[in-house]
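The values are calculated or read from the model by the stated rules, or taken from the named source; none is laboratory data. On a predicted model such as this, the values are computed, not experimentally measured, just so you know. Every residue, glycine as well, gets a Cβ built from its backbone with ideal geometry; the counts of neighbours run over all protein chains shown. Only protein heavy atoms, including side chains, enter the accessible area calculation; ligands, DNA and RNA are left aside. Shrake-Rupley method; radii C 1.70, N 1.55, O 1.52, S 1.80 Å.
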Amino acid sequence: MAEDVQTAFPPSLPQLLIVDAVRAALLEDLGRAGDLTTNATLPESASAKAVISSREAGTICGIHFASTAFALMDQELKFTGLVKDGAKAKPGDHIARLEGNARAILSAERVALNFLMHLSGIASSTAKFADLIGHTNAKICDTRKTIPGMRAFAKYAVKCGGGSNHRFGLDDAILIKDNHIAIAGGVAKAIIAARAYVGHLVKIEVEVDNLEQFEEALSVHADVILLDNMSLELLDKAVKINGGRAKLEASGNIAFDTVKAIAETGVDYISTSRITMAAATLDIGLDIEIK
């Protein structure tokens, strides 16, 4: 593989977001006294070479986070990225190489790997879902169910895995859910009130549980309709009734063994929190290269 294939921060993530998050993680790990084990066993002048490798198949994400962790420990440490975020890895594939102060490498190791393993896990889970529905026009997308403080990074990992991002927060789109509908007095009333409140650039999505609510949402021209926990039969009917008028999103009971059939109903999007909240970490390790 070519070296230094990834040196710039991803354009979708401001550099300060990554630096601040990684710095906070390092401070949490180093505490008040620093890395006692490393400092007690290694001389300050010790140098080392190391390689970061994937120990299982998956989609890599988080190279920038790892490089930042090592740079914050020692700016002189040389980090060479060997793959780009979004790259597919096999067991044993090298992701990055390091050379420099041994204390810096070992003290930043866990923080670097934590970000890599977590974000690669999200990207890998997303990629598996995306592969399962690749023969359809549907896109797998995330939700707001993310670890607090990690949303922008989790959604970046979803994109690296071939998924699509839903809204980032409460302030960039309207999603009218069952509790809003209950208090507003119905689907149509909630949509009409929402459209009167926001500007023309803000999309309005509404969650419905049955075809009666679905047709009510269509009658007042919802931009996107979320079909929540509907059976395949109801999804089929909704797609036919819709006739391309609104974008349709399916949610609920989304799993590796159900997503294919859901996508084949003709919905546009399938949203699931599994890719951000239930994805297993990808096993990635750092090994010192012995001379």
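What to note about this one:
- Note on the stretch 155-182: residues that are closer than 17 Å to Arg195 by Cβ and either under 8 Å from the mean Cα position of the chain (by Cα) or of a type in the set (A, V, I, L, M, F, W, C) (or both) total 5.
- Exactly one residue among Glu215, Glu233, Glu249 is crowded, with 17+ Cβ neighbours inside 10 Å and among the charged types (D, E, K, R), and that residue is Glu249.
- Residue check, Arg23 of a type in the set (D, E, K, R), more than 13 Å from Ile284 (Cβ to Cβ), modelled with pLDDT of 95 or more and open to solvent by 50 Å² or more (accessible area, probe 1.4 Å): yes
- Scanning the stretch 98-108 turns up one or more residues that are under 15 Å from Ala21 (Cβ atoms) and not β-branched (Val, Ile, Thr).
- Residues of the stretch 193-222 that are under 21 Å from Ile241 (Cα atoms), in a helix (DSSP H, G or I) and out of contact with any strand residue (DSSP E or B) (no Cβ under 7 Å at 6 or more places or on another chain): Leu211, Glu212, Gln213, Glu215, Glu216, Leu218, Ser219.
- Residue in the stretch 143-192 that is farthest from Glu212 (Cα to Cα), counting only those that are among the hydrophobic types (A, V, I, L, M, F, W, C) and not in a helix (DSSP H, G or I): Met150
- Residue in the stretch 254-277 that is most open to solvent (accessible area, probe 1.4 Å), counting only those that are out of contact with any helix residue (DSSP H, G or I) (no Cβ under 8 Å at 6 or more places or on another chain) and assigned to a loop (DSSP other than H, G, I, E, B): Asp257
- Residue satisfying all of: in the stretch 144-188; polar (S, T, N, Q) and free of Cβ contacts under 8 Å to residues at least 60 places away in the same chain; most open to solvent (accessible area, probe 1.4 Å) among these: Asn179
- Residue within the stretch 123-138 that is under 27 Å from Ala24 (Cα atoms) and open to solvent by 10 Å² or more (accessible area, probe 1.4 Å) present: yes
Listed here are the residues, each with its yes/no results for (1) of a type in the set (Ser, Thr, Tyr); (2) in contact with a helix residue (DSSP H, G or I) (Cβ under 9 Å, 6 or more places away or on another chain).
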site	(1), (2)
Ile18	no, yes
Gly31	no, no
Gly34	no, yes
Ser53	yes, no
Gly86	no, yes
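- Per the listing Val208, Val239, Val220, Val224, the residue uniquely out of contact with any Leu (no Cβ under 9 Å at 6 or more places or on another chain), more than 19 Å from Ala130 (Cα to Cα) and surrounded by 13 or more Cβ atoms within 10 Å (Cβ to Cβ) is Val220.
- The residues on offer are Ala66, Ala40, and the sole one that is among the small types (Gly, Ala, Ser), surrounded by 14 or more Cβ atoms within 10 Å (Cβ to Cβ) and outside any loop (DSSP other than H, G, I, E, B) is Ala66.
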